[in-house]
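The values are calculated or read from the model by the stated rules, or taken from the named source; none is laboratory data. Predicted model only: the values in this text are computed from it and were never measured. Glycine gets a Cβ as well: all are built from the backbone with ideal geometry, and neighbour counts include every protein chain shown.
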Amino acid sequence: MLRMILSWLAVVIVCGQVPLHASDWQVGVARIDITPAKKIWLAGYASRTKPAEGTTHPLWAKALVFKDERGNRAAIVTTDLIGLTRELSDAVSARVARETGMTRKQILLNSSHTHCSPVVRGCAPLAYDFTSEQQQDVDHYAKVLEEKLVKVIVSASRSLKPAQLSYSEDQASFAMNRRGRINPDGPVDHTVPVLKISDPAGKLQAILFGYACHNTTLAFFEYCGDYAGFAQIELEKQYPGVTALFLLGCGGDANPNPRGTRELAEQHGRSLAAAVTRALAEPLKAVDGPLTVKFQRTDLPFTKPPSREELLARQGQGDVYSQRLTKHLLKQLDQQGTIPDAYPFSAQVIEFGNDLTLIGLGGETVIDYAIRLHEELSPRQIWVAGYCNEVFAYVPSERVLKEGGYEGGGAMKYFGIHGPFQPGVEDRIMKLVHSLLTP
């Protein structure tokens, strides 16, 4: 017996890994349908002229709650939505805290940014010009959505079971940089990160996977998760009883290519699902604990806001969205006496021991952030997600900020924000992320 134990220890020392025991992790899984009961206005494209007309497939919120052997917990929630707001995410987290004891820093909410999902109240509010009835529909859906997000997290937290975690990666090639329309020479990340959740016997229970690309294959008038939705459906067909969850990466400046039809969305979904399947077929790295979670904000300053006189002179000028922004900023001056000069950007870090670090960034972050973080944190295994907790504007890198254009500041008017950001935005965010990491 002693010889067998010594032999086992020798294998552990050589391989550098201790086999993961079922008692090391507990994971809860839950899902809830968040498709609106009514056909309300779809989000993402300001050019739309009518509400949704049908449903291609249901929209989902799905939750994973992790608990390590020390009792530390973290929740990861994925949603088939354009984005969440800070107000909604904080309200959901506060209610979950009362029911489960998990605090704000322990709850990460990600949006797939599908442009065939309902408008979320407060997300890019100046992109739409609703009638009073349409606004009532949006307001009602916001209340329903809050209830359902709370419910799915609480449900996952109450369904904890012993589990094993392991990690791998593969590639999918349909994402293309969109700066200057189609930009095949621009930076892009084709990595498909995959976290496998299995029971103690090794049976697959859930798959968390990601990709850094806008969900903008489609622009029709039906509720649909776009390529990410089709990828989840494909995986859940392939692995019956398994929950597949999609976590959007820093895809602020990437589009699916080609795009424009349901068939292409299904094609990209199958391509992404195939990458996940390949990753699951390879030897995966065991992910051990302990679990560490951190959440913090830093102000990202805007350029100097316009004066009242400047805004009054702008009235009636520019496109309809620029005019809405002028009106909005004047209203802020009237009601608050000032125009905000910065935005409180959020970053969140979930560390699974030394094996995997998930970094969640707020806003529509561009790919340069993921590239730089991978370079600076090598050889640490990291997973960088954008669109976490809130979508308040595009978050350009220093390069994109200097180049300008849509992601560099042009899109901020849809969010009701004076901009662009001041130079130094990238370094501020990188400093924040590094401050959250365990040395």
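Can LEU218 be described as touching a Ser or Thr at 6+ places or on another chain (Cβ under 9 Å), part of a loop (DSSP other than H, G, I, E, B) and among the hydrophobic types (A, V, I, L, M, F, W, C)? Yes: the conditions hold for LEU218.
Once the range 116-171 is narrowed to residues that are assigned to a helix (DSSP H, G or I) and in contact with an Asp or Glu (Cβ under 9 Å, 6 or more places away or on another chain), the residue that is surrounded by the fewest Cβ atoms within 10 Å (Cβ to Cβ) is LYS148. The set of residues in the range 342-371 being polar (S, T, N, Q), more than 14 Å from the chain's Cα centre (by Cα) and either under 18 Å from VAL194 (Cβ atoms) or part of a strand (DSSP E or B) (or both) consists of THR357 alone. For the range 394-439, a residue qualifies if it is assigned to a loop (DSSP other than H, G, I, E, B) and not small (Gly, Ala, Ser), and the qualifying residues are PRO396, TYR406, GLU407, ILE417, HIS418, PRO420, GLN422, PRO423, LEU437, THR438, PRO439.
SER155 passes every criterion in (1) within 25 Å of THR55 (Cα to Cα); (2) in contact (Cβ under 8 Å) with a residue 12 or more places away in the chain apart from (1).
Can you spot a residue in the range 70-77 that is touching a strand residue (DSSP E or B) at 6+ places or on another chain (Cβ under 8 Å) and either without any contact (Cβ under 8 Å) to a residue 12 or more places away in the chain or part of a helix (DSSP H, G or I) (or both)? No. Could you say which residue among ASP427, ASP341 is surrounded by fewer than 20 Cβ atoms within 10 Å (Cβ to Cβ), among the charged types (D, E, K, R) and in contact (Cβ under 8 Å) with a residue 40 or more places away in the chain? One residue alone meets the criteria, ASP341. Regarding the range 91-107, can at least one residue be identified that is assigned to a helix (DSSP H, G or I), at pLDDT 95 or above and closer than 21 Å to HIS214 by Cβ? No, the range 91-107 contains no residue that is assigned to a helix (DSSP H, G or I), at pLDDT 95 or above and closer than 21 Å to HIS214 by Cβ. Annotation note: Cβ proximity below 6 Å between a residue of the range 189-208 that is more than 11 Å from TYR239 (Cβ to Cβ) and a residue that is of a type in the set (D, E, K, R) and in a strand (DSSP E or B) (sequence gap 6+ or interchain) occurs for THR191/GLU169; VAL192/ASP170; PRO193/GLU169. Note on the range 195-225: residues that are under 21 Å from LEU361 (Cβ atoms) and crowded, with 23+ Cβ neighbours inside 10 Å amount to 9. Please verify whether TYR239 is surrounded by fewer than 24 Cβ atoms within 10 Å (Cβ to Cβ), touching a residue at least 12 places away in the same chain (Cβ under 8 Å) and of a type in the set (Phe, Trp, Tyr), treating the condition exactly as stated. Judged against the criteria, TYR239 is a match. When the residues of the range 79-137 are filtered to those that are acidic (Asp, Glu) and out of contact with any Ser or Thr (no Cβ under 7 Å at 6 or more places or on another chain), which remaining residue is nearest to ALA219 (Cα to Cα)? Applying the filter and picking the extreme gives ASP129.
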